[in-house]
Amino acid sequence: MTKHTLILSALGALALTACGQPADKAAETAAAPGTVTVADAWCRPTPNGAKVGGCYVTLTAGSDDRLLSVSTALAESAQIHEMKMENGVMSMGELKDGLPLPAGQKIELKPGSTHVMLMGLRDPLIDGGVASFTLTFEKAPAIGVHAAVKQPPVVDSEE
């Protein structure tokens, strides 16, 4: 192994370690003004042949901001979607004006609510894999996210 290869390997491992910081650690750090922190990023595995997938994340803005868009090489397009109940009917649609991020509030994108929708997936999202996408904000710099692909947590229906 050459000296350059060794250095590049070490830098790669360091970068992966930083990206793989436990979500709890990221959540403990308050976002500085003009920034947004990302925690608990994950995507649901897609069943065979599915061309859409959902991803979830918790965002905390250090000052009022807005999530404007999502981009990824994994799919033809990505949108910020909202699910809501109206007159007993569940509907889902794109938040064309983005998602407001009030300063200091944790905004949780989660199943059955606001989420990232990947449409026209080029390959399935496989349990144990990683889905990468970029979040673009109105004020804060764009953030690259590496979300674990995993089954959603089981919810006890007797609560």
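The values are calculated or read from the model by the stated rules, or taken from the named source; none is laboratory data. What you see is a predicted model, and the numbers here were worked out from it, not measured in a lab. Don't worry about glycine lacking a Cβ; one is built from the backbone with ideal geometry, like all the others, and counts go over all protein chains shown. The area values use the complete protein model at the heavy-atom level, side chains included, leaving out ligands, DNA and RNA. Shrake-Rupley method; radii C 1.70, N 1.55, O 1.52, S 1.80 Å.
Mind listing the long-range amide H neighbours of residue 95? Cut-off is under 5 Å, sequence gap 5 or more, other chains count too, H placed in the peptide plane at 1.01 Å from N.
80, 81, 82
Under the Karplus relation 6.51 cos²θ - 1.76 cosθ + 1.60, θ = phi - 60°, what is the ordered set of whole-Hz ³J(HN,Hα) values for the stretch 132-139, x standing for Gly and Pro?
Residue by residue, the stretch 132-139 yields 10, 8, 10, 9, 10, 10, 5, 10 Hz.
Among 109-116, 51-58, how do they line up from the highest to the lowest mean number of other beta-carbon atoms within 10 Å?
51-58, 109-116
Which pairs break 23 Å Cα to Cα here: 84/139; 51/106; 51/139; 51/110?
84/139; 51/106; 51/139
Could you give me the ³J(HN,Hα) list for the stretch 79-92, computed from phi with Karplus coefficients 6.51, -1.76, 1.60 and θ = phi - 60°, whole Hz, x at Gly and Pro?
Result, rounded to whole Hz: 9, 8, 10, 10, 10, 8, 9, 9, 6, x, 10, 7, 10, 9.
Would you grab the residues whose amide H sits under 5 Å from the one on residue 149? Only those 5+ places off in sequence or on another chain, please, with H modelled 1.01 Å from N.
43, 128, 129, 130, 131
Tabulate in residue order the Karplus-calculated ³J(HN,Hα) for the stretch 69-77, using 6.51 cos²θ - 1.76 cosθ + 1.60 with θ = phi - 60°, rounded to whole Hz; enter x for Gly and Pro.
7, 10, 10, 7, 7, 6, 9, 5, 8
Taking the Cβ-Cβ separation of residue 150 and residue 94 as r and a Förster radius of 22 Å, what is the calculated FRET efficiency to the nearest 0.05?
Once the sixth-power term is evaluated, E becomes 0.30.
Using a 1.4 angstrom probe with every protein chain in place, what is the largest-first accessible-area order of 101, 95?
95, 101
Considering only the other residues whose Cβ falls under 14 Å of the Cβ of residue 73, what net charge follows from Lys and Arg at +1 and Asp and Glu at -1?
Residues near residue 73 contribute -1 overall.
Using a 1.4 angstrom probe on the protein heavy atoms only, line up 80, 126 by accessible area, largest first.
Ranking 80, 126 by accessible area, largest first, yields 126, 80.
Can you work out the accessible area per residue across the stretch 91-155, with the rest of the protein chains kept in place, probe 1.4 Å, in square angstrom?
Per-residue accessible area for the stretch 91-155 comes out at 56 Å².
Run the accessible area of the stretch 69-159 with a 1.4 Å probe and give the carbon-and-sulfur part as a rounded percent.
The computed percentage sits at 51.
Scan around residue 65 for amide H atoms under 5 Å from its own, H built in the peptide plane at 1.01 Å from N, and keep only partners 5 or more places away or cross-chain.
For residue 65, whose amide H was placed from the backbone, the distant partners under 5 Å are 101, 103.
To the nearest 10 square angstrom, how much accessible area does residue 74 have with a 1.4 angstrom probe?
Counting only protein heavy atoms, residue 74 exposes about 50 Å² to solvent.
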